[in-house]
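Student: Pasting a structure here, questions to come.
The values are calculated or read from the model by the stated rules, or taken from the named source; none is laboratory data. Every value quoted in this text rests on a predicted model; they were computed, and no experiment measured them. Don't worry about glycine lacking a Cβ; one is built from the backbone with ideal geometry, like all the others, and counts go over all protein chains shown.
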Amino acid sequence: MRDFSQDHRWLSINTATVRRQRGAEQPLADIIEACARHGITAISPWRDQVAAAGLPAVSKLVRGHGLQLSGYCRGGMFPAVDAAGRLAARDDNRRAVDEACELNAACLVLVVGGLPGALGGRAAHKDIALSRSQVHDGIAELLDYARASRMPLAIEPLHPMYAADRACINTMEQALDVCDALDPGLSGALGVAVDVYHVWWDPKLQAQIERAGTGPQGRRVSRLLAFHVCDWLTPTADLLNDRGMMGDGVIDIPRIRGWVEANGFAGYSEVEIFSTGNWWQRGTDEVLQTCIERHRSAV
């Protein structure tokens, strides 16, 4: 397991972590400049932030500062009520692949979607099996496009509390079942994003990480494409926007990092914190400095 205690070479900042500081939306260009100022060499931006700043401008900034992208947030949201909706999702996901390629991201993260309409408060139906079938078909179709573009796709299982509205893939086992079905040859084109906030509770987590990785079976390609960190607070005031800074909650982050590294992951630890009541109320520099300190001590 790598030693993070002496530097933050392997720290990445998901730009959601510092996007709404003290009630004000932070321009992506300012976030990039702040990361560079703190010696942070990797980020993972969100598509809406990139769109607001302009893809060419963001690409120029990323290259100018020599930044890496640990991932690109996000593709997915495949289920829809009709063929037109599924076609729109297909086209949007292809654009996401193109953007990720322009920014030279390590992968495009997929938050796959749940029941159509549920995110807006009115689910069109209750058939989660149908949604999962549409997710499978949507990833299969996108995989051909992404493979031709040489952009890996990382399925991110989300905590079961998001099964209705954000992601009907909720465990590593489910995500890897899709990977094995669609990419049985382990081409490197399809894998998983391990976000500790979403999977820390899973009694099968270690076994599924071993399944995904290089492990004793000697797999030639690991399916572990991204590793996201934050902490689960007790009590949690808001299930979406009350994530904790690493070390402030109940997740044994070093243990999980040890599992992913033992099974072939050697990339960035990406800090992704949504925190309306705490970290979004602080200045960008304070948050980034805390991320650096906790990356050394709690990741």
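Student: Just checking, which of 256, 251 is in a loop (DSSP other than H, G, I, E, B), on the phi < 0 side of the Ramachandran plot and at pLDDT 95 or above?
Tutor: 251
Student: Being in contact (Cβ under 8 Å) with a residue 40 or more places away in the chain, closer than 20 Å to residue 95 by Cβ and under 18 Å from the mean Cα position of the chain (by Cα) is the filter here, so list the residues in the stretch 17-55 that pass it.
Tutor: 44, 45, 47, 50
Student: Exactly one condition in (1) touching a Phe, Trp or Tyr at 6+ places or on another chain (Cβ under 9 Å); (2) touching a residue at least 40 places away in the same chain (Cβ under 8 Å); (3) under 25 Å from residue 153 (Cβ atoms); (4) surrounded by 21 or more Cβ atoms within 10 Å (Cβ to Cβ) is false for residue 58; which is it?
Tutor: That leaves (1) as the condition not met.
Student: Among the residues of the stretch 122-148 satisfying the criterion of being small (Gly, Ala, Ser) and more than 20 Å from the chain's Cα centre (by Cα), which is nearest to residue 97 (Cα to Cα)?
Tutor: Of everything passing the filter in the stretch 122-148, 148 is nearest to residue 97 (Cα to Cα).
Student: State which residue pairs qualify: first residue more than 17 Å from residue 146 (Cα to Cα) and inside the stretch 169-187, second residue of a type in the set (Lys, Arg) and surrounded by fewer than 15 Cβ atoms within 10 Å (Cβ to Cβ) in any location, beta carbons under 8 Å apart, and separation of 6 or more residues or different chains.
Tutor: What qualifies is 171/204; 172/204; 173/204.
Student: Within the set of pairs 6+ apart or on separate chains, which have a first residue in the stretch 138-155 that is buried (at least 23 other Cβ atoms within 10 Å of the Cβ), a second that is assigned to a helix (DSSP H, G or I), and C-beta atoms under 6 Å apart?
Tutor: These pairs meet every condition: 142/93; 146/97; 151/97; 151/100; 151/101; 153/146; 155/175.
Student: Is there any pair linking a residue in the stretch 191-213 that is over 15 Å from residue 224 (Cα atoms) to one that is of a type in the set (Phe, Trp, Tyr), with Cβ under 7 Å and at least six apart or on different chains, and which?
Tutor: From the stretch 191-213, the pairs are 197/232; 200/232.
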